[in-house]
1. Please report the projected area of the stretch 1-74's Cα convex hull averaged over all directions, in nm².
2. Using the C-alpha atoms of the stretch 116-232, what convex hull volume per residue, in cubic angstrom, is computed?
3. Grab the other residues whose beta carbon is less than 12 angstrom from that of residue 191, score K and R as +1, D and E as -1, and report the net.
4. Average the reciprocal distances over every distinct pair of alpha-carbons in the stretch 180-232, invert the result, and give the Kirkwood radius in Å.
5. Measure off 7 Å from each Cα along the Cα-to-Cβ vector at residue 14 and residue 44, then give the distance between these two points in nanometres to one decimal.
6. How big, on average over all directions, is the shadow cast by the Cα convex hull of the stretch 163-203, in nm²?
7. Report, for the chain, the % of DSSP beta bridges that are antiparallel, rounded to 5.
8. Quick one: if you stick a label point 7 Å off each Cα along the C-beta vector at residue 143 and residue 161, how many nm between them?
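What follows is calculated from the coordinates using simple rules that are stated; it is not laboratory data. Bear in mind the structure is a predicted one, so any value in this text is a computation, not a measurement. Here the Cβ positions follow ideal geometry from the backbone for every residue, glycine too, while neighbour counts run over all protein chains shown.
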Amino acid sequence: MINRAFLLAAGEGRRLRPVTDTVPKCLLPVKGRALIEYWFDLFEKYGITNVLINTHHLAKNINAYLKMHNREKIEIHTYYEPTLLGSGGTVKANKVFVKDIDSFYICYADNLTTVDLRAMGERHLSNSKVVTMGVFRTDRPQDCGIVEIDARNEVIGFEEKPKQPKTNLAAAGIYVARKEIFDFFPKTKFFDLGKDVFPKLIGKIAVHEIKEYLIDIGTIEKYNKAKMEFSI
């Protein structure tokens, strides 16, 4: 069982302003609960017991929230970034968090989802790839990291926000990675998984199509959509 996860929550939420001027994205309320609570529900449900959350924008708000909403079944660690490190830079800076395990989840906290993390983890453990990438079908591929796959559901192409997308299969911001991923990280402190790492891993990525509910709460439009339609 894979029981450790990075939950990336440091983003400023610029496209959600003015809402995120006072509330960090991961604490935005959906159906009366903070977005991050739905992640904690998933982690508890699927046996993920250790979670590292990176913070930056309104970090004090997140820290205060975590103190007031303790989860007994989850050991929560926080990592404050005075300067944003990017999705890959955060994982690199916290290599010690996963030093004694083979595989771990990387999840973007601004996703609202009911994804079956156990099924995704089992898909990962059944293959030898460095990364198993959660993917979904999108009607706006120009806004996403777009994936090309072969008949074996292995990635043969990846492009971040292409002007002329080749498919409508998009990276979901939910991944399972083996510790070998660190071998493909650049030497810089700041870098992004989609732009700087995944293109190097062509041939070393499997996909798991997410058919459960999934929405990236990155804009006011999507936030309002999630508030209207989400149900458990």
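1. Dividing the Cα hull surface by four gives the mean projection, 5.1 nm².
2. 125 Å³
3. Values: positive: 92, 187, 189, 195, 200; negative: 192, 196.
Here the charged neighbours net out to +3.
4. Working: mean 1/r = 0.0701 Å⁻¹.
One decimal place: 14.3 Å for the Kirkwood radius.
5. 3.6 nm
6. 4.1 nm²
7. Details: 23 of 43 bridges.
Roughly 55 percent of the beta bridges in the chain run antiparallel, per DSSP.
8. Computed distance between label sites residue 143 and residue 161 equals 1.2 nm.
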